[in-house]
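S.K.: This is the structure, below, for whatever I ask next.
The values are calculated or read from the model by the stated rules, or taken from the named source; none is laboratory data. Every value quoted in this text rests on a predicted model; they were computed, and no experiment measured them. Neighbour counts run over all protein chains shown; Cβ positions are idealised from the backbone, glycine included.
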Amino acid sequence: MPPLVEVSAQYVPESEVPGAGGLHAQVSSYDAAFNVPLTLGKSTFLIPGAQYHAESVSFSETPEGFKPLRALHSIDVPVLLAHQLSDTWALAFRIWPGIAGDFQGFDGAMLRIGALAMGSWTPSETLTLGGGALSSYSFGELLPLPVVYVDWKPERWFRAEASLPFFASAIFRIGDRFEVGALGDVSGNEYAIQDSEIRDTYPCAASDNDDPATPADETRKDSENCSDHLAYSSITAGGVARVRIVSTVWATTFLGRTLFRRSEFKNPEGDTIAGGQTDLPNEIVFRAGLVFRIPMPGEPGS
């Protein structure tokens with residue numbers, strides 16, 4: 001179940017961007033979300049919500065002519081519909097339309113939508129298995145993918161849960177106040193670029209004058225090499241610790257490392273521009289936040 005309210009911040013240290021003339025970048029991320037569970041019937045639930053994500057980027061040792069993208073944003077409006085078919089079988093459908101970009105303007109290129117359909121089987125109180133299909137921008141572009149879900153709680157103090165390809169976790173509970181364990185997750189999106197310093201200059205627009213020092217004719221725009229949108233994706237794994245503050249409100253911390261980070265500048269046709277793909281160095285990741293969980297039977301604070 002998604003939380004009632006969640007806020008978090010993530011810090012990744014500065015690192016050199018390969019092939020960018022000595023450019024260094026540091027990325028901080030911020031998230032906020034809320035969900036409203038509604039009962040539509042004895043066995044049907046609807047959970048609409050909203051979520052905001054921001055990537056804040058600071059640069060140092062910038063080369064001449066560098067045009068920075070300092071902030072990327074996304075807003076999604078997810079809706080989850082769950083229906084219990086029987087004591088052991090259930091269906092879930094989720095869509096999350098939204099927008100993503102640098103928010104320097106607005107056009108249709110900012111529109112995004114993801115969707116998931118999954119069936120699940122709960123043969124016992126300790127095990128739930130599920131599977132289905134989804135379409136998501138989590139890998140930097142819209143991809144259709146299978147989804148596999150496992151939730152195993154052999155003891156009250158241990159839970160292993162995975163919703164692949166989004167996340168996997170193994171959590172140990174200490175009393176009713178503390179949780180520790182391991183977590184791996186995937187994040188990413190495709191952000192439209194409206195920054196006038198990029199969209200209104202060569203190669204996205206024709207220049208009034210041609211630079212004789214370059215082979216390109218800058219008086220004619222070059223759409224194939226225009227940075228129309230940025231695809232970003234990362235895979236992170238590490239340790240997590242949680243403390244229940246009151247009721248079902250938990251403070252969470254995460255310390256880990258990225259296993260994969262990639263950015264791709266793409267043209268209006270969706271093709272990666274020349275030299276636009278960068279595999280970024282893996283770095284330490286620190287994340288902290290607050291989560292207000294939906295009260296569930298048998299859970300601490302419920």
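S.K.: For region 50-68, check the following and say yes or no: at least one residue is acidic (Asp, Glu), exposed (fewer than 13 other Cβ atoms within 10 Å of the Cβ), modelled with pLDDT under 95 and under 30 Å from residue 197 (Cα atoms).
M.R.: Scanning region 50-68, I find at least one residue that is acidic (Asp, Glu), exposed (fewer than 13 other Cβ atoms within 10 Å of the Cβ), modelled with pLDDT under 95 and under 30 Å from residue 197 (Cα atoms), so the answer is yes.
S.K.: Here is a further query. Of the numbered conditions (1) more than 17 Å from residue 285 (Cα to Cα); (2) crowded, with 19+ Cβ neighbours inside 10 Å; (3) β-branched (Val, Ile, Thr), residue 249 satisfies every one except a single condition; which is it?
M.R.: (2)
S.K.: Those residues that are within 29 Å of residue 293 (Cα to Cα), modelled with pLDDT under 95 and assigned to a strand (DSSP E or B), I need them from region 247-265; list them, please.
M.R.: Within region 247-265, no residue meets the criteria.
S.K.: A follow-up question, please. For region 15-28, does any single residue satisfy the condition of being touching a Phe, Trp or Tyr at 6+ places or on another chain (Cβ under 6 Å) and part of a loop (DSSP other than H, G, I, E, B)?
M.R.: no
S.K.: Same structure again: Looking at 187, 120 in this structure, which one is part of a strand (DSSP E or B), polar (S, T, N, Q), out of contact with any Gly (no Cβ under 8 Å at 6 or more places or on another chain) and at pLDDT 90 or above?
M.R.: Step by step, each of 187, 120 is checked, and only 187 is part of a strand (DSSP E or B), polar (S, T, N, Q), out of contact with any Gly (no Cβ under 8 Å at 6 or more places or on another chain) and at pLDDT 90 or above.
S.K.: For region 69-83, which residues satisfy the criterion of being modelled with pLDDT of 95 or more and more than 15 Å from the chain's Cα centre (by Cα)?
M.R.: 79, 80, 81, 82, 83 - these are the residues of region 69-83 that are modelled with pLDDT of 95 or more and more than 15 Å from the chain's Cα centre (by Cα).
S.K.: Is there a residue in region 94-112 that is in a strand (DSSP E or B), over 19 Å from the mean Cα position of the chain (by Cα) and surrounded by 14 or more Cβ atoms within 10 Å (Cβ to Cβ)?
M.R.: No, there is no match, as no residue in region 94-112 is in a strand (DSSP E or B), over 19 Å from the mean Cα position of the chain (by Cα) and surrounded by 14 or more Cβ atoms within 10 Å (Cβ to Cβ).
S.K.: Right, next: Tell me which of these residue 17 doesn't satisfy, since it passes every other one: (1) surrounded by 13 or more Cβ atoms within 10 Å (Cβ to Cβ); (2) of a type in the set (A, V, I, L, M); (3) modelled with pLDDT of 95 or more.
M.R.: Unmet for residue 17, out of (1) surrounded by 13 or more Cβ atoms within 10 Å (Cβ to Cβ); (2) of a type in the set (A, V, I, L, M); (3) modelled with pLDDT of 95 or more: (3).
S.K.: Does at least one position in region 274-285 carry a residue that is farther than 30 Å from residue 225 by Cβ and not small (Gly, Ala, Ser)?
M.R.: yes
S.K.: Which residue out of 134, 143, 183, 230 is under 29 Å from the mean Cα position of the chain (by Cα), surrounded by fewer than 14 Cβ atoms within 10 Å (Cβ to Cβ) and either under 25 Å from residue 269 (Cα atoms) or in contact (Cβ under 8 Å) with a residue 40 or more places away in the chain (or both)?
M.R.: 143
S.K.: Which one of 91, 38, 81 is touching a Phe, Trp or Tyr at 6+ places or on another chain (Cβ under 8 Å) and surrounded by 15 or more Cβ atoms within 10 Å (Cβ to Cβ)?
M.R.: The unique qualifying residue is 81.
S.K.: Just a yes or no: is a residue in region 59-72 out of contact with any helix residue (DSSP H, G or I) (no Cβ under 8 Å at 6 or more places or on another chain), closer than 15 Å to residue 29 by Cβ and in a strand (DSSP E or B)?
M.R.: Checking region 59-72: at least one residue is out of contact with any helix residue (DSSP H, G or I) (no Cβ under 8 Å at 6 or more places or on another chain), closer than 15 Å to residue 29 by Cβ and in a strand (DSSP E or B).
S.K.: Return only the number of the condition from (1) among the charged types (D, E, K, R); (2) farther than 17 Å from residue 181 by Cα; (3) modelled with pLDDT of 95 or more that residue 287 does not satisfy.
M.R.: Failing condition for residue 287: (2).
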